[in-house]
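Read-outs: derived from the displayed coordinates by stated rules, not from any lab. Owing to the predicted nature of the structure, the values given are computational and were not obtained by experimental measurement. All Cβ positions, even for glycine, are placed from backbone atoms using ideal geometry, and neighbour counts span all protein chains on display.
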């Protein structure tokens, strides 16, 4: 037909309807209207849909299209052809029986049955899955703003809402609140270089009209278009699952390590020299000295993956390098597992997302900015979870009610401070360590700083980035295995002080953390639990040796802390206990050295010291807990016991009551 009309008939429908029925001719479209569907357009023949008309569909934000063409062979071919042209839309089709077109079907069967064909979704074919060509090998990037979006709707999920585009109008929905009688959100429209944010109550007709009027005035759009947009937004908001999106935001897709990166990380983890390699990498990255602190920090950072992670408090003078130490340790943690804060209010941790701290490292810089949060930090370390209840007003009933918020750990915590008088309850949860402030360490640091000026900054940065990437990949490859310590019953820890009740669990978990770090060097074993095979690794003597060395360096002491007379008196008391034990061999066999009692008279007689001298320096040993007071109250005679076991006479650090690996290996019934 030379005078055949072209273009889209009933074009106003695409401006106001979220779903369009597309037919071949005007008479077919009128037939569909007779069946009760006004959201119908005609493309004037199967070849009548031009690129310009497809652009109009995009401009007005039509998300869904139903193809209702002739039921004959040519109509079915036209459906396949149109699917290819409309691959960017959510396209479905309806098939008319017996080679009918919509008009002939209406005449033969009536409006009710034609409506039934349109509403029947048994023949629905989602062309998005079936018709989009495979672009996995294509080098062409997706359109801007569409990464991570749902291809069928164009929705791009956000932390508390979504972004959706209708034509060239981009809507961002934030802070979505849903309830039985509530649907409210902040809506931000970006269009033609202009931005307009507003809070919209979707279930309020007055609010919708006011919002539409503002948009039409600001952006010079026709009311039908904006009203249609608001209707589509409301429907999308009703379907949108805020909780599932928040869960995805809190638990981003796991980073897969493969190829050369995986091989490099596995070679690093399986190396028998793993500990020395870690120390060497620290030095290459610019942290000089502090060997025990570096290794302890790395082990604690790794312990975040366990159910009972450790915590580290770095105490030193201002400018000594405590922040540099913490930053260096944190740099080896994969970014997705690190939460780094410079300030923290008292209640902030209680209101984080539920799993935002699960198996993460929480690094707090400068304790002055987190003093109000000590209670939350202590509970997070001890209990592995924070639970809070707050009073809110129920908008539906107007009554006050309580809302419970739960933040789950476990979390490895790092914390720096200059205050030695930090709350003892807080300090007891941490491995408390200090910075080497000696002149020798200062010389090493200054020498390293001068040498850095000789090297090429670009080359150094590339090297450091390569090291960090290797450690990130290694950490990502560590499996969530259990750790068993078959030697736990043979371990000992000082039982003369109440502090031992808190320190021993830290020591035992340090051993498990070292074993977890070295898991790639161990065979994986399995045990049956609740019908499942649960994998685990076992602690070996090397794990205990490493943990003992760290414990001695961090929690241990040196006789250098004593005055010279105090040290002389301690050596004299050690000899006295040996002498008393030799006079009573049966008692010494039945009792430990630390259970043998003595009086100040025994000390004077054995040492030849005056009463004043004994009293003065014995008090020093009692204050530092080398000697324990057994009795002496209410007028009874003072009796003492020696907590010291003869360690450190050559200047090395020691922990009272800590059993060496050699003693464990030689223990009976091992």
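If packing is taken as the average number of other Cβ atoms within 10 Å across a peptide's residues, how do 321-333, 514-526 rank, most packed first?
Answer by packing, highest mean first, reads 321-333, 514-526.
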**OP:** Quick one: go through region 291-324 and flag any residue whose amide nitrogen is under 18 Å from the point 7 Å out along the Cα-to-Cβ line of residue 529.
**Re:** 303-310
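Highest mean first, what order results for 229-238, 301-310 on Cβ atoms within 10 Å? Please list the in-between numbers first.
On the way: 229-238: 18.7, 301-310: 22.4.
Descending packing order for the listed peptides: 301-310, 229-238.
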Original post:
Ranked highest first by the average count of other Cβ atoms within 10 Å around their residues, in what order do 70-83, 287-300 fall?
Top reply: 287-300, 70-83
**OP:** Work out, step by step, the length gained on full extension between residue 170 and residue 26: first 0.36 nm times the residue separation, then minus their alpha carbon distance; give nm to one decimal.
**Re:** 48.6 nm
Subject >> Sites residue 33 and residue 84, calculated FRET efficiency, Cβ-Cβ separation with R0 22 Å, nearest 0.05 >> reply: 0.20
Original post:
If the label point is 7 Å along Cα→Cβ of residue 583, which residues in region 604-620 have backbone nitrogen under 12 Å from it?
Top reply: 604-607
**OP:** Multiply the residue gap between residue 425 and residue 375 by 0.36 nm, knock off their C-alpha separation, and tell me the result in nm, one decimal place.
**Re:** 17.1 nm
